[in-house]
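Have a look at the structure below before the remarks.
The values are calculated or read from the model by the stated rules, or taken from the named source; none is laboratory data. Since the model is a prediction, treat every value here as computed from it, not as a measurement. Cβ placement follows ideal geometry from the backbone for every residue including glycine, while neighbour counts extend to all protein chains displayed. Note: accessible area is taken over every heavy atom of the protein model, side chains too, but ligands, DNA and RNA are not part of it. Shrake-Rupley method; radii C 1.70, N 1.55, O 1.52, S 1.80 Å.
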Amino acid sequence: RRARGADHRLRKPAVRHQLSGGVGDQLGSSGNLVNVVKAHLGLILSYVIWAFNYPLYKIVMPHYISPYAMTMLAVGVAALLAFASMLFVPIEPVRRQDILKLVAAAALMGIAKKLFLMVGIQHTSPIDASIIATLGPILVLVISVMFLVDRFTPMKVLGMALGLAGALVVILSGSGMQAPSDKLGGDAVVLLAIVASSFSMVWLKELIMRYKPVTLLRWIYPVAAVMMLPIGLGPLLRTDFSAMPAHVAWIVAYVAVVPTFGPNYLLIYSLHYVKPTISSIYFYLEPVIATAISVAMHMDTLSWDRALASLAVFAGVLL
């Protein structure tokens, strides 16, 4: 009996570890449940902000500013915000063995994700780019399985399939248009941005659980700004901001300030409480929002089939 009792005590922590982060833990305390709800709200806000990038990038680039200059400006502003956060949040020490991972995170989140999207969208349409973004959850799930962070379940596969189908219907129904072959290069570069974003969400999970969100951003964006200097500083200095119309200048300011530091802070915070596969499902919000922006700007119309497809997207997110 003593042997069986000792064996039982040895196995119990493993069971608790296996369930960590699951629904049982999320419902185990009201405080943790509140954090999970806040995490999902943060993810919704992040992807809503990022969804606005698609049409805004197309408006300002490359006619008024190059993607290299825009990326340099965005990561530079984010680096300044990261330094300014030191006035309010104490500095957290970082382990020496994690420094190389943080440098790689700067290359993924600070440069590859943003620069590839900006470069690619010049050669494709915002709607095409939002179609490619719906591949994010699939990529995250595959990468998570490869890293043994998650596993395939019928409910997850069904939810992603339903969300993907709804997103494609939202974008394609009633348009009768197909991306021309000369946009394939732009589509491929946008796909690289989604791959970088998906990989970073999985690969950074360990660091996200170890450090505060602001600590990671203090490393990611200053390091990314230094990395961007050789290719971004020259185009930024050659940009004629005085020649920009007022509405373009406001868009450039928005793209430089809003979609970088704040949403990524919310994303990193949310990954403390939800799995990368759950976070990536919110990629499906982007094509729906892109369609809504087109309707609001009288660039397109909202039909009944698109409305039903939007409901399918949210049902996929729920599953």
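Before moving on, here are some points about what is shown:
- Phi to ³J(HN,Hα) by Karplus 6.51 cos²θ - 1.76 cosθ + 1.60 over the stretch 92-109, Hz, x for Gly, Pro: 9, x, 10, 5, 4, 6, 9, 5, 4, 5, 5, 5, 5, 5, 5, 5, 6, 7
- Distance from the alpha carbon centroid of the stretch 200-277 to that of the stretch 68-85 works out to 7 angstrom.
- Remark: the L318-I99 segment gains 75.2 nm on full extension, using 0.36 nm per residue and subtracting the alpha carbon distance.
- For the stretch 37-111, carbon and sulfur atoms together expose 76% of the accessible surface, with a 1.4 angstrom probe and every protein chain in place.
- Probe 1.4 Å - accessible area at H247, Å² to nearest ten: 110
- FRET efficiency estimate (nearest 0.05) - Cβ-Cβ, L87 to A165, R0 51 angstrom: 0.60
- Full extension of the chain between S242 and V226 yields a length gain of 3.2 nm, computed as 0.36 nm times the residue separation minus the alpha carbon distance.
- With a 1.4 Å probe rolled over the protein heavy atoms of all chains, the accessible area of I268, I127 falls in the order I127, I268, largest first.
- Candidate residues W203, W304: accessible-area rank, largest first, probe 1.4 Å: W304, W203
- In order through the stretch 248-254: 3J(HN,Hα) via Karplus (6.51 cos²θ - 1.76 cosθ + 1.60), integer Hz, x for Gly, Pro: 5, 4, 5, 5, 4, 5, 4
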